[in-house]
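To start, the structure itself, in structure tokens.
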Amino acid sequence: MNKNVGADKDKFTISCYGIELPFEWYSMEYILKELRNSKLKNVVKMEKATKAKIKKYYKENKENLGENNRFFTYIKFFNVNGKNYGIVAGKTNYTNPDLLFDSRNGEKDNRYARIFLNNPSGAEWSETIVIVNHESSASEYADNQAALFIECYLQRKFNLLDS
């Protein structure tokens, strides 16, 4: 299922509609190190992320985040053999975050992360996420666009799938 290609990343295969393609995914440790050394300074690792926990974080940090910070970017991880790897980068809002860790096993789902996790790979969602905040924006539109821009960057930098 996976092949070690270095200390920071491993190669996994996704099988979908008769096609098997290799993906290189980075470890959580590597992603956190890279983010903390980047221009993206407000990076938060959140264990056992739930809607309530995200809302509580927002309420407690709203002043530091800025009045107009409604949206944030996140990275979701999967766990295999005790190691977490980044798999999805997405954007959501603090007032009603839509982060789901369900497998939808048996249901048709065309999201590639879930296709990978529903295969007999031994991989499963990690409930740890990384939140990447951005500077406060002047408007809701600008706030949304800033989060989308960071989402795009994270997907390309760390080979992450969309949500």
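The values are calculated or read from the model by the stated rules, or taken from the named source; none is laboratory data. In this text the structure is predicted, and so the values were computed from the model without any measurement. Please note: Cβ atoms are built from the backbone with ideal geometry, for glycine as well, and neighbour counts cover all protein chains shown.
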Take region 28-42 and flag every residue that is over 12 Å from the mean Cα position of the chain (by Cα), surrounded by 14 or more Cβ atoms within 10 Å (Cβ to Cβ) and not aromatic (Phe, Trp, Tyr). 34, 35, 40, 42
All conditions in (1) modelled with pLDDT of 90 or more; (2) outside any helix (DSSP H, G or I); (3) closer than 14 Å to residue 158 by Cβ are true of residue 35 except (2)
Just one of 78, 149, 72 is modelled with pLDDT of 80 or more and exposed (fewer than 14 other Cβ atoms within 10 Å of the Cβ); which is it? 149
Sole exception among (1) surrounded by fewer than 20 Cβ atoms within 10 Å (Cβ to Cβ); (2) at pLDDT below 95; (3) of a type outside the set (Lys, Arg) for residue 123, by number: (1)
Given (1) more than 17 Å from residue 79 (Cβ to Cβ); (2) touching a residue at least 12 places away in the same chain (Cβ under 8 Å); (3) loosely packed, with under 15 Cβ neighbours inside 10 Å, where does residue 17 come up short, assuming only one miss? (2)
Looking only at region 120-163, count every residue that is in contact with a strand residue (DSSP E or B) (Cβ under 6 Å, 6 or more places away or on another chain), part of a loop (DSSP other than H, G, I, E, B) and not hydroxyl-bearing (Ser, Thr, Tyr) and tell me the total. 6
